[in-house]
Every structure is written in structure tokens, then in C-alpha cells.
Amino acid sequence: MHFDFTINNNQKDKTLIPSQGLNKEKPHESSDDKGDKDVVSLIIGNYGRWQLMMTFLLSLFSFPCTFHIYLPTFTAKATKFWCRRPENLSSLPLDYWINYSQPVDACSVRVLPAGITAESIMNNTAPILDSFLKCNEWDYDRSEVGNTIISEWNLVCDRATLTNLAEVVFLVGVGVGGVLGGWISDRFGRKKILIGMTIAQSSLAILSLLVQSYIQYVLVRLVMGLVSVSVVYAAFVLSVELVGGAWVTIAGVCNFFPLPLAYIIVSLLSMVLPNWRDLQLALSIPGCFLLLSWFVLPESPRWLLSVGRMQEARVTLEKAAKFNKRDNLADLDKLLVLSKSIRAEEPNVLMLFKGYLLKRTFCLFIIWFSMTIAYYGLLLNIGKFNLGNLHVTSIILAVVEIPAIALSIPILFKAGRRIPIFITMVVCGLACVASELFSISVQDNWVIISCLMVGKFAIASTNIMLPIFTAELYPTIIRNLGVGASQISSGLALICIPYLWELAKLNEHLPMVTIAALSGAGGAVVLLLPDTINSKETKRLPNASYNHGTFTVTDDRGQ
């Protein structure tokens with residue numbers, strides 16, 4: 001899932017841009033080292049014990065959300081199936097039954113002559129009729145995964161496309177939730193929406209255990225997608241609004257660490273709980289405990305200031321300052337008086353398509369679409385590779401994301417954005433091509449897995465860096481619009497993901513070649529954009545005079 005590094009409060013107030021924390025300030029600098037800090041940082045500091053505790057707690061909200069995104073890797077795993085044996089042939093070995101009754105596929109079964117026995121089939125004396133019937137009952141290979149949604153509702157043969165439909169519906173919910181999540185969070189506050197959506201998420205997770213039909217399951221997944229991404233958005237926004245300076249980027253990137261850990265947890269639990277309802281229940285319980293955080297988590301003081309709720313902001317800031325052992329509360333009232341927003345011009349969508357921004361918007365549409373296809377194409381289709389044990393492969397490909405996330409922090413500070421994103425996307429494309437070439441020539445699973453590890457490592461790094469780069473390419477006043485527009489492109493890619501492996505019907509190598517081509521093309525398009533890390537120039541809107549946009553003394557990260 002992608003996280004917007006742009007936070008836009010209501011239209012009449014300031015806009016908070018976490019990615020702008022990437023400045024010359026070092027994490028170890030105290031709040032007194034800078035004279036241009038916003039009110040919140042002046043009072044509680046850029047980072048302290050209070051922020052450490054809160055950001056750690058907020059990062060935990062990514063776990064249940066990632067659980068529900070990754071679950072279908074096991075709960076919707078396609079396995080070998082065959083038309084069920086009749087009772088009088090239950091003693092017949094499976095191989096004999098399949099070879100005799102289903103010479104074409106498991107969707108049709110040979111008409112059995114009267115009096116046929118298991119012995120006659122085994123000694124090749126059973127008559128063979130050329131008449132076939134449509135199969136209506138199947139058995140499934142449960143050696144790797146147990147009961148899945150496919151086996152429970154027989155999503156095979158003419159119903160096979162319904163498996164993809166379930167995930168398309170979920171990802172549509174994710175796309176819609178990504179757009180609505182920011183608006184809801186800005187309108188009603190971070191904390192209320194975070195806890196409210198967590199309650200909804202936990203309730204839906206339990207409800208999914210009770211569904212009795214495929215239609216009910218799809219409807220629950222639709223709402224689950226919308227709710228889950230809203231939880232992620234609210235938790236992410238709140239965590240980066242509690243810190244300042246360079247810690248904004250560090251806190252934002254650290255929110256990605258639960259993702260690979262969640263993939264590993266799902267993989268391990270699936271080995272112990274192979275049946276999808278048991279696995280769903282086990283992964284639904286942790287989210288319920290997060291509801292207790294209501295008594296600990298604060299509302300974002302920056303959001304409170306932006307909507308004029310000064311008294312509530314004062315209480316939160318006083319508690320945080322005392323916890324951080326800050327002794328500058330004497331000036332609190334004076335600083336709060338200064339926290340008023342200034343906006344010279346209201347943003348509109350047309351600004352994205354004027355002057356130099358037209359090129360940036362168009363390029364970012366392509367890059368986000370390509371990156372999403374590559375990242376989620378590898379992540380959600382691990383089972384399609386058939387590389388031995390699904391659980392082991394899943395864990396290995398999850399582990400490589402951890403160093404990718406960790407290395408993204410120094411890369412963002414030292415190497416810029418454009419060249420690292422270009423390199424990681426091209427490397428991902430080359431790794432995908434290499435995996436296909438080795439699958440033809442070497443046919444060694446571990447060689448192929450190694451190629452996929454390289455590709456996953458590279459595109460996971462892109463997934464961290466691209467949101468920051470996107471936010472910095474737009475002027476403050478329309479930055480949230482720009483990032484939001486990019487997420488539309490990402491949402492379209494998400495809808496395509498479940499159908500990506502359908503290309504294998506044309507050619508078995510086509511899905512990976514498609515991922516490689518899109519990843520490489522996206523990397524090439526990145527070179528058409530300017531880098532932003534050392535940019536000193538004032539960002540002006542095309543065909544517009546300079547204005548202070550959404551700058552406010554409450555939070556200077558938008559400038």
C-alpha cells in the first residue's frame with residue numbers, strides 16, 4: 001500500500017507536508033538550533049521520548065491492515081483440483097481416477113459405465129466411453145494450504161474468475177479509501193477516525209468469519225479495503241504530525257517497517273492454521289487490542305491548531321512538553337496566538353495541468369502506475385511462481401524488504417530522489433527478466449528466488465522513496481492535489497493486479513515481462529523530472545504570481 005507523504009488540512013487552513021522535513025537539519029539537533037521552527041516543534045521539540053512512544057504505537061496500526069491485504073496469498077491460493085470420485089470408487093488411487101475420468105481437465109468428467117470397479121480401472125480393463133458430463137463437485141490438494149475460499153465456494157472452471165473479482169473489489173475499496181481517507185481525516189481529526197476505522201476493521205474481520213456465501217464475502221472485502229487504508233492513512237498522518245525537522249522523514253519511513261513483518265507473520269501463521277477461517281480469526285484479534293490506544297494517543301496538535309481548537313492543543317502540548325522535559329511553557333500562550341493560517345489563493349485541479357506542472361503530472365501518472373504494478377505484481381502473486389514451498393518463498397521475499405526500508409533513509413538524505421528511484425526501478429525490471437531467463441535455462445528454484453529477491457528489494461525501495469519525491473515536485477498550495485492525482489493512477493494499477501497473471505494464458509512469461517517492461521519504462525520517465533533534494537529555487541505556480549501558499553507559523557514544513 002502506498003502512503004501519501006502529504007497531509008492537507010481543511011481548505012481554509014494550512015497544509016502539512018511531511019516530506020519537507022528533508023532539510024539540512026540533523027535528527028540530533030535540538031529545537032533551539034533552528035529559528036524557523038513551527039509552534040509545535042518550539043514547544044515540544046522535533047523529537048523526544050513522547051514522540052518515540054507515540055510513533056511506535058501508531059506504527060502498530062499497520063499490522064492488521066497489512067494482514068488483510070496479504071491474506072489472499074494463502075486464503076485464495078489456487079491449488080490442484082479434480083472432479084470428486086463417486087462412493088463406489090473411493091478406494092481407487094487418485095492418479096488412476098484422474099487419468100481415467102478427466103483426460104482433458106477437471107471441469108468435465110467421463111461418463112462411467114454401469115458396473116465399473118476400481119480394480120477394472122487399475123488393470124486397464126474398464127470400458128472407455130467418449131461421453132463427458134460437466135463436473136459439479138470437486139476435491140482439492142490441501143498439502144500446502146487447507147480450506148480456502150476457492151475450495152469452500154468451488155471457484156473453479158467457469159467460476160474461476162470470481163477469485164480475481166474478490167480481490168479487484170477489495171483493491172477498489174483500497175483505491176477509494178485512499179482518496180477519501182485524507183479528506184475524512186482532515187475533516188474530523190486524526191484520532192477519532194483512526195480509532196473509529198479500527199473498530200470498523202475489527203468488526204468486519206470478525207464478520208468475515210460468519211459469511212456463508214461468496215457474495216457476502218465480496219461485500220465484506222469491499223468495505224474492508226476502504227476501512228483498512230483509512231486506518232493506515234490516519235495513523236501515518238498522525239505519526240508524522242507529532243515530529244518535526246528531519247525526523248518527519250524518518251518517522252514516515254519507519255511506518256513501513258511493519259509491512260514485511262506482517263508478511264512474515266501471515267506466512268508463519270498460515271503454516272499452523274491452514275484453513276482460511278482459522279487464519280482470518282487469528283489475524284483479526286490483534287487489531288482489537290489496538291482499540292485500547294484511545295486512552296493513550298493524542299489528537300494531532302498541528303491539526304487542532306489548524307482548526308482553531310486552541311485549548312485542546314494547549315493541553316496536548318503541555319503533556320508532551322512535560323514528558324519530554326521541556327521547560328519553555330512560559331511562552332506557550334504567545335506562540336499559540338501566532339498560530340493562524342494564511343492562504344493567498346485557493347488551489348484547483350486545473351493548476352496540475354498548467355505550465356511546467358503538466359509535464360510533472362503526466363510523468364508521475366506513468367511512474368506511479370508502473371511502480372504499483374511492479375510492487376504489488378510481485379507481492380500479491382507469489383503463489384503464481386510455484387517455487388516450491390509457498391510459505392518459505394513468501395518469508396524470504398518479505399525479509400528483503402526490511403533492509404530496503406532501512407537503506408531508504410540514508411539514500412533519501414544523501415543521494416537525492418531521481419537517480420535512486422531510476423536505479424531501483426530499472427534493477428527491478430532487470431531482475432524480473434533474469435528470473436524468466438533462468439526459469440528457461442537453469443530451472444533452479446533458488447536461482448529464480450534470488451532474482452525475485454533482488455527485484456523485490458529494489459521495488460520496495462522505490463515504494464518508500466516515490467511518495468516523498470512526488471510531494472516535493474509540487475508547490476505547497478497544490479501539493480496534496482498532485483499527490484492525490486498520482487494515487488488515482490496507482491489505484492488503476494491496483495485494479496489490474498489480480499488480472500496480471502491472466503496474461504500467462506497467452507504466454508507463460510508474459511506477466512513477468514510486463515512487470516519488467518513497466519518497471520523499466522517508469523524508471524526511464526523518472527529521468528525527465530528534476531531532482532528535489534538540493535533545490536533552492538522558489539516554487540512558483542505556473543502563470544501565477546508568487547504567494548505564500550499554505551504557509552503558516554503553526555507548521556513551516558509546507559514551505
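The values are calculated or read from the model by the stated rules, or taken from the named source; none is laboratory data. Note that the structure is a prediction, hence the values are computed from the model and not measured. Cβ atoms come from the backbone with ideal geometry, glycine included; neighbour counts cover every protein chain shown. Accessible surface areas use protein heavy atoms only, side chains included; no ligands, DNA or RNA. Shrake-Rupley method; radii C 1.70, N 1.55, O 1.52, S 1.80 Å.
Take the Cα of V111, step 7 Å toward its Cβ, do the same at L52, and the gap between the two points is 7.8 nm. Across the cross-link table entries K191/K359; K192/K322; K456/K505, which are compared at the Cα atoms, the separations over 30 Å belong to K191/K359. Here the scattering of the stretch 95-143 is modelled by Debye summation over its C-alpha atoms, one equal scatterer each and no solvent; at q = 0.20, 0.22, 0.32 Å⁻¹ the log10 of I(q)/I(0) is -0.71, -0.84, -1.32. As a rough guide to protection, the peptides 503-511, 241-249, 465-473, 77-85 ranked by mean Cβ packing within 10 Å, highest first, stand as 241-249, 465-473, 77-85, 503-511.
Gain on full extension, evaluated as 0.36 nm per residue between D141 and A406 minus their Cα-Cα distance, stands at 91.5 nm. Once the Cβ-Cβ distance of K322 and T125 is raised to the sixth power relative to R0 = 56 Å, the FRET efficiency obtained is 0.05. For the stretch 123-207, carbon and sulfur atoms together expose 60% of the accessible surface, with a 1.4 angstrom probe and every protein chain in place. Two numbers describe the Cα atoms of the stretch 395-448: Rg and Dmax, which are 14.1, 41 Å. The listed peptides 398-406, 64-72, ordered by packing as a protection proxy, come out as 64-72, 398-406 (highest mean of other Cβ atoms within 10 Å first).
Taken as Cα centroids, the stretch 74-104 and the stretch 406-485 sit 42 Å apart, rounded to the nearest whole angstrom. Averaging over all projection directions, the Cα-based convex hull of the stretch 68-155 occupies 6.3 nm² in the image plane. Working from Cα pairs under 8 Å separated by at least six residues, relative contact order for the stretch 399-520 is 36 percent.
Return one whole number: the accessible area per residue of the stretch 128-263 in Å², for a 1.4 Å probe.
Per-residue value: 36 Å².
Per atom type, the stretch 265-331 shows carbon and sulfur on 65% of its accessible surface, probed at 1.4 Å. Summarised in one figure, the compactness ratio Rg/Rh of the stretch 438-531, Cα atoms and Kirkwood Rh, is 1.05.
Residue ranges 207-218, 307-318 sort as 307-318, 207-218 when ordered by packing (mean number of other C-beta atoms within 10 Å per residue, highest first). Counting Cα-Cα pairs of the stretch 150-213 in 10 Å increments starting at 0 gives whole-percent bin shares of 18, 36, 28, 14, 4. Relative intensity of the stretch 46-95 on a log10 scale, I(q)/I(0) at q = 0.21, 0.22, 0.32 Å⁻¹, equals -0.83, -0.85, -1.10, per a Debye sum over C-alpha point scatterers of equal strength in the absence of solvent.
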